[in-house]
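The values are calculated or read from the model by the stated rules, or taken from the named source; none is laboratory data. Small disclaimer: the values here were computed from a predicted structure and weren't measured. No Cβ is skipped: glycine too gets one built from the backbone with ideal geometry, and neighbour counts run over all protein chains shown.
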Amino acid sequence: MCSLFPDNAARAASVDTAVVERKTVEVKTEGRILVHMCCGPCSIYPIKAMLPRMAVWGYFHNPNIHPYAEFRKRVEAAKTLAGYLSIDIICDEEYRPLPFIRALKSSIPPDASGTRPRHPPKDARCAFCYRTRLEETARAAKEMGFDCFSTSMLYSRYQYHKMIKEIGVDLAERYGILFYYEDFRDGWQEGIDRSKEMGLYRQRYCGCIYSRIERYSGKKPNKGNSLQKKAD
Ligand code: SF4
């Protein structure tokens, strides 16, 4: 399933139906796409699917990832994958978790007593996180003259897929550039298998400090979210 969102009308139709066979996608074969890479393993399947149809550039911009050692591993995995696939990649290698965490926390509305939660609810923090990374991708794609942008997060069964799509569509409108949408979750196992064959670093948690705490402390994500497969 895939679709592009060139204008409001198309957007509305696509959001409602979002079922277009891959072969009908209106991407010119000479088109250039900037693909946000959340990590190496998640990027394999989406990029391989796009490569026959578009000139793909990878874009690593993930200020959510913490701590530094983990950040470096994911940068290197993205570069390694780009080498395997012979694509160009642009990496934002500056590690700056504090501005990200501060901005994330201030994006969460305070409760009735005016207090913000110490551990932000997962759905709210992921919404901020998706938008932050996708907005930078949309902005960069527009500035560098790409035809469209997309994200490897559309591959993950552990992300809020519908939310990612809606944010991508919204940003496409705001930046005047196409958002390439496809439900890549069907390639879940293939992505895992290929990443193991390539020996790519495979992370154990999503990326931010909160997801790391949840992963290693057994803490459940705050209400309003879940880590269930195929989360929408
Ligand atoms: S769980 Fe993942 S998507 Fe959500 S805020 Fe943390 S790093 Fe971002």
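Results, tabulated for the structure shown:
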{"item": "For Gly31: the one exception among (1) farther than 20 Å from Glu182 by Cβ; (2) modelled with pLDDT under 95; (3) surrounded by 16 or more Cβ atoms within 10 Å (Cβ to Cβ)", "result": "(1)"}
{"item": "Residue within the stretch 166-174 that is within 14 Å of Pro41 (Cα to Cα) and either among the polar types (S, T, N, Q) or surrounded by 17 or more Cβ atoms within 10 Å (Cβ to Cβ) (or both) present", "result": "no"}
{"item": "Scope the stretch 110-126; condition within 30 Å of Ile177 (Cα to Cα) and surrounded by fewer than 19 Cβ atoms within 10 Å (Cβ to Cβ); matching residues", "result": "Asp123, Ala124"}
{"item": "Sole exception among (1) closer than 23 Å to Trp57 by Cα; (2) within 16 Å of the ligand (Cβ to nearest atom); (3) part of a loop (DSSP other than H, G, I, E, B) for Arg116, by number", "result": "(1)"}
{"item": "Where Ser156 falls short, out of the listed (1) within 13 Å of the ligand (Cβ to nearest atom); (2) under 16 Å from the mean Cα position of the chain (by Cα); (3) over 19 Å from Met50 (Cβ atoms)", "result": "(3)"}
{"item": "Single condition Tyr84 does not satisfy, out of (1) within 16 Å of the ligand (Cβ to nearest atom); (2) surrounded by fewer than 18 Cβ atoms within 10 Å (Cβ to Cβ); (3) in a helix (DSSP H, G or I); (4) not aliphatic (A, V, I, L, M)", "result": "(1)"}
{"item": "Residue within the stretch 143-151 that is in contact (Cβ under 8 Å) with a residue 40 or more places away in the chain, within 16 Å of the ligand (Cβ to nearest atom), hydroxyl-bearing (Ser, Thr, Tyr) and within 23 Å of Ile164 (Cα to Cα) present", "result": "yes"}
{"item": "Some residue of the stretch 62-71 being surrounded by fewer than 24 Cβ atoms within 10 Å (Cβ to Cβ) and away from the ligand (no atom under 14 Å from the Cβ)", "result": "yes"}
{"item": "Where Leu104 falls short, out of the listed (1) in a loop (DSSP other than H, G, I, E, B); (2) touching a helix residue (DSSP H, G or I) at 6+ places or on another chain (Cβ under 9 Å)", "result": "(1)"}
{"item": "Residues (outside any loop (DSSP other than H, G, I, E, B), more than 17 Å from Ala49 (Cβ to Cβ) and either away from the ligand (no atom under 16 Å from the Cβ) or of a type in the set (S, T, N, Q) (or both)) located in the stretch 185-211", "result": "Lys196, Glu197, Ser211"}
{"item": "Residue match in the stretch 53-61 (condition: of a type outside the set (Ser, Thr, Tyr), at pLDDT below 95, closer than 27 Å to Tyr216 by Cα and within 16 Å of the ligand (Cβ to nearest atom))", "result": "no"}
